[in-house]
1. If residue 19 meets every condition in (1) surrounded by 15 or more Cβ atoms within 10 Å (Cβ to Cβ); (2) at pLDDT below 85; (3) over 10 Å from the mean Cα position of the chain (by Cα) apart from one, which number is that one?
2. Please pick out the residue among 46, 52, 34 that is open to solvent by less than 40 Å² (accessible area, probe 1.4 Å), out of contact with any helix residue (DSSP H, G or I) (no Cβ under 6 Å at 6 or more places or on another chain), at pLDDT 90 or above and over 17 Å from residue 77 (Cα atoms).
3. Is it the case that residue 28 is of a type in the set (S, T, N, Q), open to solvent by 70 Å² or more (accessible area, probe 1.4 Å), at negative phi and more than 11 Å from the chain's Cα centre (by Cα)?
4. Kindly check whether there is at least one residue in the range 67-85 that is on the phi < 0 side of the Ramachandran plot, modelled with pLDDT under 85 and surrounded by fewer than 19 Cβ atoms within 10 Å (Cβ to Cβ).
5. For residues that are within 20 Å of residue 32 (Cβ to Cβ) and not in a strand (DSSP E or B), tally how many sit in the range 60-90.
6. Restricting to the range 48-59, give me the number of residues that are assigned to a strand (DSSP E or B) and within 17 Å of residue 89 (Cα to Cα).
Amino acid sequence: MRVVRWRYFEGSRANETQGAVVESVARNSPAIKSGIRKGDVIRGVSGEFVNSSSSLNSLIRKHGVGAPVELVITRNGKNETRYVVLVESPVGQ
């Protein structure tokens, strides 16, 4: 299981933008400890916009294991900020 699994999101209302929807969060992961939940939409990583799931992957890889990152998420129509220290994905994930 990945620490966070996501899919592409494109908003359907005028106040929504693109991002990556969190589909699942692994137990005891840094993501869950920081408050990331299934259904959250990740819109930014450390000041850079997420406009697709591939851009989210690129931004996460850019920072690397051990790096603290700021995630801007939308939950229930409200923007929130979460801080996560990146860890290596388990083998095969």
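1. Failed condition: (3).
2. Numbers: 46 fails: open to solvent by less than 40 Å² (accessible area, probe 1.4 Å); 52 fails: at pLDDT 90 or above.
Result: 34 is the single residue among 46, 52, 34 that is open to solvent by less than 40 Å² (accessible area, probe 1.4 Å), out of contact with any helix residue (DSSP H, G or I) (no Cβ under 6 Å at 6 or more places or on another chain), at pLDDT 90 or above and over 17 Å from residue 77 (Cα atoms).
3. no
4. no
5. Result for the range 60-90: 11.
6. Kept after step one, since they are assigned to a strand (DSSP E or B), are these residues of the range 48-59: 48-49.
Remaining after also requiring within 17 Å of residue 89 (Cα to Cα): none.
Adding up the residues that qualify gives 0.
The values are calculated or read from the model by the stated rules, or taken from the named source; none is laboratory data. Since we're looking at a predicted model, the values are computed, not measured. Cβ coordinates were reconstructed from backbone atoms using ideal geometry, including for glycine residues, and neighbour counts include every protein chain displayed. Areas reflect the complete protein model, heavy atoms only, side chains present, ligands, DNA and RNA absent. Shrake-Rupley method; radii C 1.70, N 1.55, O 1.52, S 1.80 Å.
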